[in-house]
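Presented below is the structure to which this report refers.
The values are calculated or read from the model by the stated rules, or taken from the named source; none is laboratory data. Note that the structure is a prediction, hence the values are computed from the model and not measured. Don't worry about glycine lacking a Cβ; one is built from the backbone with ideal geometry, like all the others, and counts go over all protein chains shown.
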Amino acid sequence: MDHVVSADGTRIAYDRLGAGPAVLLIGSGPDLRSTGPEAPLADLLAGQFTVYNYDRRGRGDSGDTQPYSPGLEIADLAAVIEAASADSGARAFVFGHSSGAALALRAAAAGVPVAAVVAYEAPFVIPGTREQPENPSARIRERVEAGRRSDAVRFWMTDVIQLPAEAVTMMEKSPMWPGLEALAPTLPYDLALTGDHGIPVEVLAAITVPVLVLGGANSPDWFRRTVRETTAAIPGARLVVLDGQDHGAPPEVIAPVLTEFFGRSADHG
């Protein structure tokens with residue numbers, strides 16, 4: 001494990017493996033670098049890339065200096081990018097999934113020096129396409145502050161993510177649940193990154209690097225609309241919808257897409 005120090009002094013932990021152009025992986029809210037889908041994805045990419053897989057702020061081995069803001073997560077990402085670019089001598093490529101995709105896009109728009117971005121279903125919710133609970137971040141924080149982390153995770157899963165109740169019940173009985181409880185304080189961070197006002201068109205319009213937006217053909221209608229409108233908001237972006245996949249496309253499906261896109265971007269860089 002290595003680490004960088006972010007702009008506010010927070011330590012951000014990451015793993016580095018492989019050899020080749022630098023690729024940074026950004027997971028969604030509940031993901032840790034050691035146990036999330038980014039870990040096997042890193043293994044698959046390491047034959048052609050130097051892969052940087054990091055714990056986002058407040059997760060795993062990374063710190064969590066307060067108060068939180070999306071700008072701090074962008075600064076965290078910038079610090080890891082700086083380390084990766086210094087190691088490789090060139091700008092790093094970035095892949096983000098779900099809220100990690102939203103973070104990747106916001107960082108590119110803010111001018112963090114990346115070579116290209118692949119964004120898998122950043123969960124920007126277009127008003128009217130999906131019912132959302134009122135004040136979800138505040139309700140999560142209230143539960144966490146009252147010592148009810150399990151309730152906070154359950155609310156996130158059932159009301160925000162809108163998983164079927166039976167699926168959440170199965171998760172509660174699984175070994176993964178204590179890990180989710182530990183991450184409960186960070187769940188509002190994902191909501192801060194994605195917002196509740198639809199596609200951040202003015203933000204995305206500032207992106208100047210190549211962007212590939214990915215979506216799953218089996219994802220809900222609101223997600224399919226979101227990836228279309230996200231793509232339309234980014235100058236020159238391209239959308240690829242993966243047949244037979246939903247929000248959780250497995251690493252063995254994602255890896256060849258990243259290899260092809262980043263390889264082509266490097267050739268034209």
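Quick look at the numbers
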{"quantity": "Filter pass, residue 196 being at pLDDT below 95, outside any helix (DSSP H, G or I), of a type in the set (Asp, Glu) and closer than 23 Å to residue 70 by Cα", "calculated": "yes"}
{"quantity": "Residues of the stretch 159-170 classified as at pLDDT 90 or above and either aliphatic (A, V, I, L, M) or crowded, with 16+ Cβ neighbours inside 10 Å (or both), total", "calculated": "4"}
{"quantity": "Hey, residue 41 touching a strand residue (DSSP E or B) at 6+ places or on another chain (Cβ under 6 Å) and farther than 15 Å from residue 190 by Cβ or not", "calculated": "no"}
{"quantity": "Long-range neighbours under 7 Å by Cβ, at least six apart or interchain, first residue closer than 28 Å to residue 163 by Cα and among the small types (Gly, Ala, Ser) within the stretch 231-246, second surrounded by fewer than 14 Cβ atoms within 10 Å (Cβ to Cβ) and at pLDDT 95 or above", "calculated": "244/217"}
{"quantity": "Scope the stretch 142-183; condition part of a loop (DSSP other than H, G, I, E, B) and either over 30 Å from residue 221 (Cβ atoms) or aliphatic (A, V, I, L, M) (or both); matching residues", "calculated": "146, 147, 148, 161, 163, 173, 175, 176"}
{"quantity": "Only listed residue being without any contact (Cβ under 8 Å) to a residue 24 or more places away in the chain, of a type in the set (D, E, K, R), farther than 20 Å from residue 66 by Cβ and assigned to a helix (DSSP H, G or I), chosen from 139, 224", "calculated": "224"}
{"quantity": "For residue 228: the one exception among (1) closer than 30 Å to residue 260 by Cα; (2) buried (at least 21 other Cβ atoms within 10 Å of the Cβ)", "calculated": "(2)"}
{"quantity": "Failed criterion for residue 113 (all others in (1) without any contact (Cβ under 8 Å) to a residue 24 or more places away in the chain; (2) closer than 16 Å to residue 81 by Cα; (3) not aliphatic (A, V, I, L, M) hold)", "calculated": "(1)"}
